[in-house]
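Please read the structure below before turning to the comments.
The values are calculated or read from the model by the stated rules, or taken from the named source; none is laboratory data. Computed from a prediction, not measured in an experiment: that's the story for all the values here. Counting neighbours? That spans all protein chains shown, and the Cβs are built from the backbone with ideal geometry, glycine included.
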């Protein structure tokens, strides 16, 4: 018989500490939908997604009821549309975005990722048109998410793409200015993008993946914080790391169980569990609060980077034994607008974009959900992307940038998206112009770290 | 399949009887019961066999939730595997 204490611990985690499975994401390959005729290709894309994922939402709901674990999102990721659109030679790439959006609505999923181009080394046929169409695609659809990989440790950084993405991010915010610039919240610029990430907005289905696959993203910052609050007083850092590890193990086991069960019921291979601590704006479900529970007065003060490094590492170590396949982003997320503690720290002036940048060297993603002034220039956005990509490239890790230029607003104002995307204060960026550097274009050569063979 | 029923709340007369009655009506066999009362907080855990249940899992959850409302307790019904996977290696 199970121990009473263990059972009550699980119930308490779910009821009071926001333990949940954040997402079941079905990856679907669209390589067999490629067609020279864009309308035919779009029909094939829509049909294949609807066929492959027809039971996804219901299965997620069934598992949620039976196991009593909240499963917040059911989502879909697809092959980068840049590749699927390559033979169409059409200016109307945005038709693919509409096909994806229609499929998402038909199936009842809340996001579909993969309006993506992988251009870390250069633009292939289709990539350029896709990137150009991102602002229109994100403004005309509701559920489509877009990402562009502009660098990698192996390839270096494509500075032409970096230059372009500064403009695209700004334009995307501008065309959705009437909706709190929401378009930019659905657009991620990556370095070292993982091909099996289940989390939005950066999810896409890599070309090395199976035809369909189930990836699961767990969550649970609230649980980790609660453990530290309950038993952490007076403990040294080694003991704190152990407590995080043990908690991460339990959280991940739950994710593994859900992933295996979903995979079995849908007859789709199990891909990976992404062991990420993904915060939500709900009070208590915050990564910043974990860092504060470790002994920082407020997230953003000196010591934050070290505390985050310890957290990120302990989450991986605890989670990796709990799952047969681990992948995706796996670590601690620091999306400012989605984390109550980060919002507070930013509002009070403890957390700025420079401190966040240093934190991204040790967290699992990057500059995420950061609201910047609406008059920011495309070159400054590009330079922020380049800085972040450089951290990822040199450290052989994923970094990403998801900035939201708040059109018509300036530092001190606030942008409120509502729901899980939360709200964020407009954060000032550094002064000085990187314009000449960004306009050079070209490629930053791959670092020595790339030469491992 | 086995499920775990947990009942947590303020102790009062007849909680065990009412939960057992709901199980019996649904042809749900109770395999094990443990209960503890700490001060006046009541915590009961039942391991039940639900394969032969005459109602669906969801209906059982709803019925027991209703029992929880009448007894002022919180009742969860969850698949046994969730606890096994979280607490056993």
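In table form, for the structure just shown:
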item	result
Restricting region B:1-24 to residues that are within 14 Å of chain A (Cβ to nearest Cβ) and closer than 14 Å to residue B:50 by Cβ, the residue that is modelled with the lowest pLDDT	B:1
From A:264, A:316, residue being surrounded by fewer than 20 Cβ atoms within 10 Å (Cβ to Cβ), touching a strand residue (DSSP E or B) at 6+ places or on another chain (Cβ under 9 Å) and within 14 Å of chain B (Cβ to nearest Cβ)	A:264
Residue among A:8, A:2 that is assigned to a loop (DSSP other than H, G, I, E, B), surrounded by 15 or more Cβ atoms within 10 Å (Cβ to Cβ) and free of Cβ contacts under 8 Å to residues at least 40 places away in the same chain	A:2
Enumeration of residues in region A:11-29 that are crowded, with 22+ Cβ neighbours inside 10 Å, outside any strand (DSSP E or B) and more than 14 Å from chain B (Cβ to nearest Cβ)	A:18
Residues being more than 8 Å from chain A (Cβ to nearest Cβ) and either within 14 Å of the chain's Cα centre (by Cα) or crowded, with 16+ Cβ neighbours inside 10 Å (or both) - total across region B:56-66	7
Options B:40, B:27; residue that is over 12 Å from the mean Cα position of the chain (by Cα), more than 10 Å from chain A (Cβ to nearest Cβ) and at positive phi	B:27
Any hit, region A:236-258, residues being in a loop (DSSP other than H, G, I, E, B) and surrounded by fewer than 18 Cβ atoms within 10 Å (Cβ to Cβ)	yes
Some residue of region A:182-192 being more than 19 Å from the chain's Cα centre (by Cα), at positive phi and part of a loop (DSSP other than H, G, I, E, B)	no
Meets criteria (more than 14 Å from chain B (Cβ to nearest Cβ), within 30 Å of residue A:92 (Cα to Cα), in contact with a strand residue (DSSP E or B) (Cβ under 7 Å, 6 or more places away or on another chain) and surrounded by 14 or more Cβ atoms within 10 Å (Cβ to Cβ)) for residue A:34	no
Residue match in region A:74-92 (condition: under 24 Å from residue B:6 (Cα atoms) and either free of Cβ contacts under 8 Å to residues at least 60 places away in the same chain or assigned to a strand (DSSP E or B) (or both))	no
Region B:67-81, subset touching a residue at least 24 places away in the same chain (Cβ under 8 Å), within 13 Å of chain A (Cβ to nearest Cβ) and in contact with a helix residue (DSSP H, G or I) (Cβ under 8 Å, 6 or more places away or on another chain), residue farthest from residue A:15 (Cα to Cα)	B:79
For residue A:48: the one exception among (1) free of Cβ contacts under 8 Å to residues at least 24 places away in the same chain; (2) within 14 Å of chain B (Cβ to nearest Cβ); (3) in contact with a strand residue (DSSP E or B) (Cβ under 9 Å, 6 or more places away or on another chain); (4) closer than 25 Å to residue A:106 by Cβ	(2)
Hits in region A:51-73 (condition: within 22 Å of residue A:31 (Cβ to Cβ), touching a strand residue (DSSP E or B) at 6+ places or on another chain (Cβ under 9 Å) and in a helix (DSSP H, G or I))	A:52, A:56
